[in-house]
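The values are calculated or read from the model by the stated rules, or taken from the named source; none is laboratory data. Every value quoted in this text rests on a predicted model; they were computed, and no experiment measured them. In this analysis, Cβ positions are derived from the backbone assuming ideal geometry, glycine residues included, and neighbour counts consider all displayed protein chains.
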Amino acid sequence: MRLSRRALLSSSANNWHIASMVVQCLPEKLAATAALLEAIANIEVPERDERGKLVVLIEAEGEARLMECVGKIESTPGVISANLVYHEIDEDKR
């Protein structure tokens with residue numbers, strides 16, 4: 001069965017989205033940018049590189065919350081770019 005985009009979006013409200021991103025930030029603002037990102041709910045920064053690269057993990061319930069987190073990452077001061085590396089939808093089995 002093939003789902004339309006509309007059906008996928010409307011059916012994912014109770015699904016957990018797990019995503020990882022590589023975020024490039026200004027190297028001189030690495031610590032401050034990582035701290036700002038980790039202050040956002042559902043976001044973790046498990047790895048960082050002194051050249052300004054951060055690995056960011058996101059866990060969010062529903063696509064809308066995931067996209068909200070991505071928007072917050074992209075608009076965080078010091079962030080130059082944010083690229084999605086991995087995305088998985090874990091269906092709610094309740």
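Scan region 61-87 for residues that are at pLDDT 95 or above and assigned to a strand (DSSP E or B) and report the count. Count: 9.
When region 38-48 is filtered for residues that are surrounded by fewer than 15 Cβ atoms within 10 Å (Cβ to Cβ) and within 14 Å of Ser20 (Cα to Cα), the ones remaining, listed by number, are Glu38, Glu44, Pro46, Glu47.
Of all residues in region 9-37 being modelled with pLDDT under 60 and more than 19 Å from the chain's Cα centre (by Cα), which is surrounded by the most Cβ atoms within 10 Å (Cβ to Cβ)?
The qualifying residue surrounded by the most Cβ atoms within 10 Å (Cβ to Cβ) is Ser11.
Residues satisfying the criterion are absent from region 49-64 (criterion: of a type in the set (Lys, Arg) and crowded, with 17+ Cβ neighbours inside 10 Å). For region 65-94, a residue qualifies if it is without any contact (Cβ under 8 Å) to a residue 12 or more places away in the chain and over 22 Å from Ala35 (Cβ atoms), and the qualifying residues are Met67, Lys93.
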